[in-house]
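Colleague: Dropping a structure here in structure tokens format, bear with me for questions.
No lab work stands behind these numbers, since they all come straight from the coordinates. Given the structure is predicted, the values throughout are model-derived calculations rather than measurements. Cβ atoms come from the backbone with ideal geometry, glycine included; neighbour counts cover every protein chain shown.
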Amino acid sequence: MTTHGRFLIGWVFLMLLQSSGAQAWELIEDRLFFNTYGTLGLAVLDHDDVVLANIQNQTIDDQPSASFDSRVGLQLDYRVADEWSITWQGLATKDGPSSYTLETKWAYLSYDATPWLNLRLGRFITPLYQISEQRYVGYSQPWARPPLEVYGNENQFDVSDGLWAKLILPTTRVTSVIEVFVTRLEDEVADIDVELSPIVGVAFSVSYQHLDVRLMSARLPISLHGGTLDSLANLLQQPTADHRYDLDDTLWYYDLGLQYSDLKWLGMVEYIQNRVDSYYYPEIEAYSVTAGRYAGAFLVYAVYSRRVSLNNNAENGLTGGASVVANGLIADRNSRDQSTIGLGARWDAMAGVAIKGQWDHIQVKPGDRGGFDQAPHGHVNMFTVSVDWAF
Amino acid sequence: MKTAYALLSLLLLATSVPAFAEQLVVVAGPDSDISRLSIEELSDLYLGKRSTDHEGRQLTVYDLDDLAVRSDFCRSALSMSLLQLRAYRAKQVFTGRGRPPRQLAVEELIERVKNNPQAIGYLPRDRAGGLTIVHSF
């Protein structure tokens, strides 16, 4: 669904002007709630030879761009009864010079079976990483730009449909939660059928005083078919090949997230890894470390993040065109490695509104392209300023 | 350099919330069988991590709409600033992990706590007459 961007932004700001704080609008008392979040962001690179693109094909280059980061989220919650509720959340992102695409990110029925067990049925953002679920809610995050090396690995397949169970364990002194999700995803991108089914994941979280720790493992059977992919797979899957190049395989995701926050200090660590047998898909290891210091309404922070490819052995068992294609695939994957040092500040200017700025120094090896469209000449600096809100 | 420090100090002063001098207490209704809540339980309840106390009672929690009192409670009970709490609650709301407590004026909070034995809220101690104090800061 496409709607006019100016109208949408204007409508949201009109609502914001009528707001008195960070609480929801109760459209029907105790029944129907409306919330919104969003980001107006401006970013620029100091290089004119590379471009950074997002999944909506909006770019950051050497001219200041507001289209890459800007977005608006809208949420409606309806409490059917004490135990039952229905939630819909849509995200509008820019997909053209003056238009936004509105996509349903969350749409589910929630049931509190007991005070310790919550069940959700419907569509959710698949919670693979520590901040996956709130990745679009800039106001809930410290950064102006979440670490690209970790969260840049998420793509348009970030939502799936199914069942999500959350169980609070009867522990004392610490809060322990187990979450299990069983979902599936079907999509079509450029004549390619994408199927991830069934996605099965388990997350275990522990909170103790100021510290939160989250461990997650998920199994994602993936299947891609259509376009030129099937003929490509036939070309590469030869008995002499060093590696397998199946289009149907199983991805395993692992995630460790830690967050420490007190009145003065913020610390966040995230480590992710995905494993897969087929060399058609990348195996990745990435991590980020963030340290911040609160001072009144300000937070200053530093962040380091790094991404490396793991399945990067050259293909020596194939010959001719198959060898060229396979090694080209592997070489391109290897050239995506990069690391970033970032410094930033957040100012909570008023209730529900934060203004942020961040400088990222992105390092790629000579000849590699990292997350860009082509290899940059030297390291790249990226500057971001944003206004994030949540009401 | 001195000018920069002075400007930064002024900015910090202008944006900080003044400390609330009165002692705060957490209260339940006079007929409530809740007798005591630990600081850990209060933190879990107000952060939406649990909805029950140590005896399994499902509780309804309320916030005060007074900014200074709420800020003071936030620091005392949750070891958070109000700004940190707002960011945390945005995460809770937009990931379906819970809604923030309803914000009420003192009189309305007292009324709701009196009428619901499973409800709690925080108040300055001098406004807690006739109510059950379940935690003092």
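Colleague: Under 5 Å between amide hydrogens, which residues at least 5 positions from residue A:266 or on another chain qualify, with H placed 1.01 Å from N in the peptide plane?
Modeller: A:292, A:293, A:294
Colleague: Looking at B:23, B:113, B:95, which one has the Cα that reaches farthest to the positive end of the dipole of segment B:23-136 (charges on Cβ: Lys, Arg +1; Asp, Glu -1)?
Modeller: B:95
Colleague: What are the equivalent ellipsoid semi-axes of segment A:271-326, built from the alpha-carbon gyration tensor (square roots of five times its eigenvalues), in whole angstrom, biggest first?
Modeller: Equivalent ellipsoid semi-axes, largest first: 42, 10, 7 Å.
Colleague: Sorting B:109, A:117, A:185 on the 10 Å Cβ count, fewest up front, what's the list?
Modeller: Final ranking by Cβ density, sparse to dense: A:117, A:185, B:109.
Colleague: Still on this structure: In what order do A:86, A:222 fall by count of nearby beta-carbon atoms within 10 Å, going from fewest to most?
Modeller: Listed from fewest to most nearby Cβ atoms, that is A:86, A:222.
Colleague: While we're here: Can you give me the orientation-averaged projected area of the convex hull built on the Cα atoms of segment A:44-92, in nm²?
Modeller: Over all viewing directions, segment A:44-92 projects a mean Cα-hull area of 4.5 nm².
Colleague: Just tell me how shielded B:94-107 is by partners: mean number of partner chain Cβ atoms within 10 Å of each residue's Cβ, no decimals.
Modeller: Taking the mean over all residues of the peptide, I get 5.
Colleague: What fraction of the Cα pairs in segment A:330-391, stated in percent, has a spacing above 14 angstrom?
Modeller: Pairs farther apart than 14 Å: 61 percent.
Colleague: Tell me, what is the percent relative contact order of segment B:23-136, built from C-alpha pairs under 8 Å that lie six or more residues apart?
Modeller: Normalised by residue count, the contact order of segment B:23-136 is 54 percent.
Colleague: Quick check: pseudo-label points 7 Å beyond the Cα along Cα→Cβ at residue A:187 and residue B:137, how many nm apart are they?
Modeller: Label at residue A:187, label at residue B:137, 4.5 nm between them.
Colleague: Kirkwood Rh over Cα pairs of chain A into Stokes-Einstein at 37 °C, 0.692 mPa s: D in µm²/s?
Modeller: Here the translational diffusion coefficient equals 145 µm²/s.
Colleague: Under the definition of Cα pairs under 8 Å and six or more residues apart, what whole-number percent is the relative contact order of segment A:19-92?
Modeller: Relative contact order, segment A:19-92: 29 percent.
Colleague: As an exercise, use a Förster radius of 56 Å and the Cβ-Cβ distance of residue A:310 and residue A:86 to find the FRET efficiency, rounded to the nearest 0.05.
Modeller: With a Förster radius of 56 Å, E is 0.85.
Colleague: Residues in segment A:84-103, backbone N under 17 Å from the label point at residue A:25 (7 Å along the Cα-to-beta-carbon vector): list them, ranges by number please.
Modeller: A:88-92
Colleague: With unit charges on the beta carbon (Lys/Arg positive, Asp/Glu negative), name the residue among A:357, A:327, A:152 whose Cα is farthest towards the positive pole of the charge dipole of chain A.
Modeller: A:357
Colleague: Additional query: Suppose a student asked you for the relative contact order of chain A, using Cα pairs under 8 Å spaced at least 6 residues apart; what percent would you report?
Modeller: Value for chain A: 15 percent.
Colleague: Right, another one. Residue by residue through B:77-89, how many Cβ atoms from other chains fall within 10 Å of the Cβ on average?
Modeller: Averaged over the peptide's residues, the number is 6.
Colleague: Treating the beta-carbon of each Lys and Arg as +1 and of each Asp and Glu as -1, no other charges, what is the dipole magnitude of segment A:37-124 about its Cα centre, to the nearest 20 debye?
Modeller: In debye, rounded to 20, segment A:37-124 gives about 500.
Colleague: If you don't mind, another one. Suppose the Debye formula is applied to equal point scatterers at every Cα of segment A:180-317; what is log10 I(q)/I(0) at q = 0.09, 0.20 Å⁻¹?
Modeller: The computed values of log10 I(q)/I(0) come out as -0.42, -1.18.
Colleague: In sequence order, what are the phi-derived ³J(HN,Hα) couplings for segment A:298-310 according to the Karplus relation 6.51 cos²θ - 1.76 cosθ + 1.60 with θ = phi - 60°, rounded to whole Hz, with x for glycine and proline?
Modeller: Values, residue by residue: 10, 10, 10, 8, 10, 9, 10, 9, 8, 9, 9, 8, 9 Hz.
Colleague: While we're here: Using a simple charge model, +1 on the beta-carbon of Lys and Arg, -1 on the beta-carbon of Asp and Glu, nothing else, what dipole does segment A:244-391 show about its Cα centre, in debye to the nearest 20?
Modeller: Dipole of segment A:244-391, to the nearest 20 debye: 580 debye.
Colleague: Using the Cα centre of segment B:63-128 as the reference point, and only Cβ charges (+1 on K/R, -1 on D/E), how large is the resulting charge dipole? Debye, rounded to the nearest 20.
Modeller: For this selection, approximately 400 debye.
Colleague: So what's the back-of-envelope 222 nm ellipticity for chain A, counting only DSSP H runs of four-plus at -39500 (n - 2.57) apiece and dividing by all residues, rounded to 500?
Modeller: After summing the helix terms and dividing by the residues of chain A, the value is -3000 deg cm²/dmol.
Colleague: Convert each backbone phi in segment A:278-292 into a coupling constant with the Karplus relation 6.51 cos²θ - 1.76 cosθ + 1.60 (shift: θ = phi - 60°), then list the ³J(HN,Hα) values in order as whole Hz, x for Gly and Pro.
Modeller: With the stated coefficients, segment A:278-292 comes to 5, 6, 5, 9, x, 9, 10, 10, 8, 8, 9, 10, 10, 10, x Hz.
Colleague: Going down the table (A:94/A:264; A:166/B:114; A:105/A:264; A:94/B:49; B:49/B:114; A:94/B:91), which pairs top 30 Å between alpha carbons?
Modeller: Long pairs (Cα-Cα over 30 Å): A:94/A:264; A:166/B:114; A:105/A:264; A:94/B:49.
Colleague: Related question: Give the distance, in whole Å, between the Cα centre of segment B:51-99 and the Cα centre of segment A:266-296.
Modeller: Answer, in whole Å: 29.
Colleague: If the viscosity is 1.306 mPa s and the temperature 10 °C, what Stokes-Einstein diffusion coefficient in µm²/s follows for segment B:23-136 when Rh is the Kirkwood radius over Cα pairs?
Modeller: My calculation gives 113 µm²/s for D.
Colleague: When only DSSP loop residues count, what GluC sites (Glu not before Pro) in segment B:37-101 have their Cβ near at most 16 other Cβ atoms within 10 Å?
Modeller: The qualifying sites are B:55.
Colleague: Within segment A:142-218, report the trypsin sites (Lys or Arg not before Pro) that DSSP leaves as loop and that have at most 11 other Cβ atoms within 10 Å.
Modeller: A:173
Colleague: Based on DSSP, what percent of beta bridges with both residues in segment B:23-136 are antiparallel, to the nearest 5?
Modeller: Percentage antiparallel, nearest 5: 65.
Colleague: Once you place label points 7 Å from the Cα toward the Cβ at residue A:34 and residue A:244, how far apart are they in nm?
Modeller: 5.2
Colleague: Over segment A:148-199, what per residue volume does the convex hull of the Cα atoms give, in whole Å³?
Modeller: Per-residue hull volume (Cα only) is 92 Å³.
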